[in-house]
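The values are calculated or read from the model by the stated rules, or taken from the named source; none is laboratory data. Just so we're clear, the structure is a prediction, and the values are computed from it rather than from any experiment. Cβ: placed from backbone, ideal geometry, glycine included. Neighbour counts: every protein chain shown. With ligands, DNA and RNA removed, areas are computed over all heavy atoms of the protein, side chains included. Shrake-Rupley method; radii C 1.70, N 1.55, O 1.52, S 1.80 Å.
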Amino acid sequence: MKHNQKYNTGESPVQNIVSMENISSAEYFFYKNEEPKRVLEDINLLIKRSEAWGINGRSSYEIKLLLEIMANIRPYDCGKCVLIERGMMRNKRTILKHVFYIGNSNMIYNNMNMLEFLMFAMGKQKVNKVELQDRIFEFIIDIGLGNLSLTPNRMLTKEENAVVELIAAAYSDCMMIVYNFPEYEFDETLINAIEKISVLIRDKGKALILGTQNSLLIEKTCSHTAFIADGRLIYKGTVDNLRFNYDKILVIIRDKNIYSVADKLAAILPYHKLSVKDDSLFVYCTGKEGCDAGYIYKKVAEAGITPDYMEINPKTVQNAYEEIILQYDLQKQLF
């Protein structure tokens, strides 16, 4: 297996895996009594080796289209896209040999089980086949899918099949892996498996691009993320920057009389936003005063309020994106 394969002619390995500059799609949305609107408009994105990107958005169609353009299987109308430091022709629709694109879960053979398929997929590797099978089997167990290793593929769910395909991609020689499943719902077991596969991919110096609307999958699996709204990227950057700068929730409080607690806190926290959702009270920072959890705990204690449960918000991708969408919508209303 070639772990340090190079795709440029220089001495150092390629660093930039995807470079998109002012990309606009060839597809349009048509609205009654309005001008046609491009599905994607003015997309700028740079993805480097050893990064894992989660591409999220309001529309699964927009996510899928962006990743199809990125993988060179869908033409774009204008702009510039470079993969592995090689330019792409706008109208060329071929999957390049250094790109492993996964857009459906039908790639695996139903007359095999998971282990057999992965051995088949890696059949051309010049290694001892017994040792390879042991290594793959150990990896399947390590990522928490040992119970599925000998299960016929026809009995797996579409999400489980998609994870099998991702394992095959991780062990391939491809530098860029595109995993385009914004409509799939991965459970906790599969998210944990994808997290460990992502670590393997990044350790090999490859780039992983996930198309997903699952915020937890992005949080656990990705180093970077981007969000598409109305055909444009309204956020792109690291997952940590997203969580710690945009999730404004400081403290989460639960109590059987949550609305009574909310009324009391409103009097002592006039500069904080309070919101009750699903029997939980969320205390937000508004940037005016006391933007740390310790301040909230102190004010609650001084007021003699004793809720049933109180915790510091762990800062999540889901909360952060909800805040970004809210800010985006408010800005749209102003203009």
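Which of the following residues is among the basic types (Lys, Arg) and more than 30 Å from residue 272 (Cβ to Cβ): 220, 196?
From the options 220, 196, the qualifying one is 196.
When residue 133 is tested against (1) free of Cβ contacts under 8 Å to residues at least 12 places away in the same chain; (2) over 30 Å from residue 61 (Cβ atoms), exactly one condition is not met: (1). Of the helices (runs of 4 or more DSSP H) lying entirely inside the range 220-317, the ones with 1 or more residues being open to solvent by less than 10 Å² (accessible area, probe 1.4 Å), in contact (Cβ under 8 Å) with a residue 60 or more places away in the chain and under 30 Å from residue 58 (Cβ atoms) are found at 239-246. Considering only the range 199-215, I want to know if a residue exists there that is within 24 Å of residue 275 (Cβ to Cβ) and out of contact with any Pro (no Cβ under 7 Å at 6 or more places or on another chain). The answer is yes; a qualifying residue exists. Based on what the data block shows, is residue 198 in contact (Cβ under 8 Å) with a residue 40 or more places away in the chain, surrounded by 22 or more Cβ atoms within 10 Å (Cβ to Cβ) and either among the polar types (S, T, N, Q) or not in a helix (DSSP H, G or I) (or both)? For residue 198, the condition - in contact (Cβ under 8 Å) with a residue 40 or more places away in the chain, surrounded by 22 or more Cβ atoms within 10 Å (Cβ to Cβ) and either among the polar types (S, T, N, Q) or not in a helix (DSSP H, G or I) (or both) - is met. The set of residues in the range 23-76 that are open to solvent by 40 Å² or more (accessible area, probe 1.4 Å), part of a strand (DSSP E or B) and among the aliphatic types (A, V, I, L, M) contains only 46.
The requirement of being in the same structural domain as residue 54 (by the TED database), touching a Leu at 6+ places or on another chain (Cβ under 8 Å), surrounded by 19 or more Cβ atoms within 10 Å (Cβ to Cβ) and more than 30 Å from residue 305 (Cα to Cα) is not satisfied by residue 208. Among the criteria (1) in a helix (DSSP H, G or I); (2) modelled with pLDDT of 95 or more, the one residue 208 does not fulfil is (1). Of the residues making up the range 176-188, one or more are part of a helix (DSSP H, G or I), modelled with pLDDT of 95 or more and either assigned by the TED database to the domain that holds residue 67 or under 26 Å from residue 226 (Cβ atoms) (or both). Annotation: residue 332 fulfils all but one of (1) open to solvent by 90 Å² or more (accessible area, probe 1.4 Å); (2) closer than 30 Å to residue 212 by Cβ; (3) in a loop (DSSP other than H, G, I, E, B); the unmet one is (3).
In the set (1) open to solvent by less than 60 Å² (accessible area, probe 1.4 Å); (2) at pLDDT below 80, residue 11 fails one condition alone, (1).
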